[in-house]
Structure formats: structure tokens, C-alpha cells
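Notes to accompany the following structure.
The numbers here are math on the coordinates, done by the rules we state, and not lab data. Owing to the predicted nature of the structure, the values given are computational and were not obtained by experimental measurement. Cβ: placed from backbone, ideal geometry, glycine included. Neighbour counts: every protein chain shown.
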Amino acid sequence: MYETIQVIHSYIAYAALAILILAVINAVSGLVGNKMFTPEKDFRLSLFALILSHIMLVIGLILFFVSPSGLNAIQELGMGGMNSESRLLAVEHPFTNILAIILITVGWSRHKKFMEGKKKFKSIAIFYGLGLLLILSRIPYGQWFN
């Protein structure tokens, strides 16, 4: 069960990162180009990035509780007994990604309050961009590409 959830989490992470990168690029280009915020493209791309990010978080939280390198590692080793790799998987990766999803959600909520396209793009560019940076900073690359 653990391996299946881990594979699902990884594949959804690839998709979520790709869509999140597209959403940030789209928001930055819309902001710089002073474009109108369209429901057909901009709204849907941002919403899809939000949804995939939340799905990735939920599956990641399930993985945290069933994985031997998640909560079980903290319980067995204690915080002082963990090396850098186990600390990344058990503490830093989940905590940082929760913060990233919070930022993405704040960006989504803020963009809905604005009527002007430039402010919508700015909100999405800043908050989705910060969330993306946090996610990229704590990916366990050593495990992900093996």
C-alpha cells in the first residue's frame, strides 16, 4: 500500500509542478504584458494548479502517516536521532509543502477579491511563485529520480 501511494504522490507531483510552473509563468506574463484576466485561460489554469496542489497535499499527508520514513521515523528515532535525509522526509518536506499550499491558497483567495486583471495576476504570481519555490526547495530529489 505504501509503495502505491508513494508512486501516486510522485506522479501527481510531476503534474502539479508542471501546472504550477505554467500558472506562475502565465501570471508573470499577464502582469508584465498588462493583459486582461480571462476566465477561459487564466482562471482555469490557476484553479487547476490549486486543485492539483491540494490533491498532492492530501496524498502526501496520507503517505506521511503510512510511510516508514514519515511519522514512524519520528516515533522510532526521535527528532535528535534523525540524519539529514530522514529529517528531510519526515519533517522538512511535509512542513514546507504545507506552507507552500497555504501560500497558493492565499494567492487564489486574494485574486478573487480583485476586479482588475493586473492585481489578479500579481496575486497569483507572488503567492503561487513563493509556493512553487518552497515546494522545489524541499523535494527529496535523491529519492524522486531513483
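Choose one of V32, L103, Q143: the residue whose Cα lies farthest towards the positive end of the charge dipole of the stretch 2-144 (beta-carbon charges +1 Lys, Arg; -1 Asp, Glu; about the Cα centre). The residue sitting most towards the positive pole is V32.
Each Lys or Arg adds one and each Asp or Glu takes one away; over the other residues whose Cβ falls under 13 Å from the Cβ of K112, this sums to +2.
Derived scalar couplings between HN and Hα for the stretch 124-138 equal 5, 4, 5, 6, 5, x, 5, x, 4, 4, 5, 4, 5, 6, 10 Hz in order, rounded to whole Hz, by the Karplus curve 6.51 cos²θ - 1.76 cosθ + 1.60 (θ = phi - 60°), x for Gly and Pro. The chymotrypsin sites (Phe, Trp or Tyr not before Pro) of the stretch 99-146 that DSSP puts in a loop, and whose beta carbon has at most 12 other beta carbons within 10 Å, are F145. Helical runs assigned H by DSSP (4 residues or longer) give the chain a calculated mean residue ellipticity at 222 nm of -25000 deg cm²/dmol, each run adding -39500 (n - 2.57) before division by the residue total. With bins 5 Å wide beginning at 0, the percent of Cα pairs of the stretch 2-144 falling in each bin runs 2, 11, 19, 20, 15, 12, 9, 7, 4, 2, 0. Can you give me the angle between helix 2-32 and the longest principal axis of the chain, using Cα atoms only, in degrees from 0 to 90, rounded to the nearest 10? The answer is roughly 30 degrees. Ranking of M82, M1, M36 by neighbouring Cβ atoms within 10 Å, starting from the fewest: M1, M36, M82. Here the Karplus curve 6.51 cos²θ - 1.76 cosθ + 1.60, taken at θ = phi - 60°, turns the phi angles of the stretch 109-114 into couplings of 5, 5, 5, 5, 7, 9 Hz, with x standing for Gly and Pro. Each residue of the stretch 75-84 is assigned a 3J(HN,Hα), and the resulting list reads 5, 6, 8, x, 5, x, x, 8, 8, 5 Hz, derived from the Karplus form 6.51 cos²θ - 1.76 cosθ + 1.60 (θ = phi - 60°), x at Gly and Pro. When only alpha carbons are used to place a centre, the stretch 62-82 and the stretch 1-38 end up 28 Å from one another. Taking the Cα centre of the chain as origin and assigning +1 to Lys and Arg Cβ atoms and -1 to Asp and Glu Cβ atoms, the resulting dipole is close to 860 debye.
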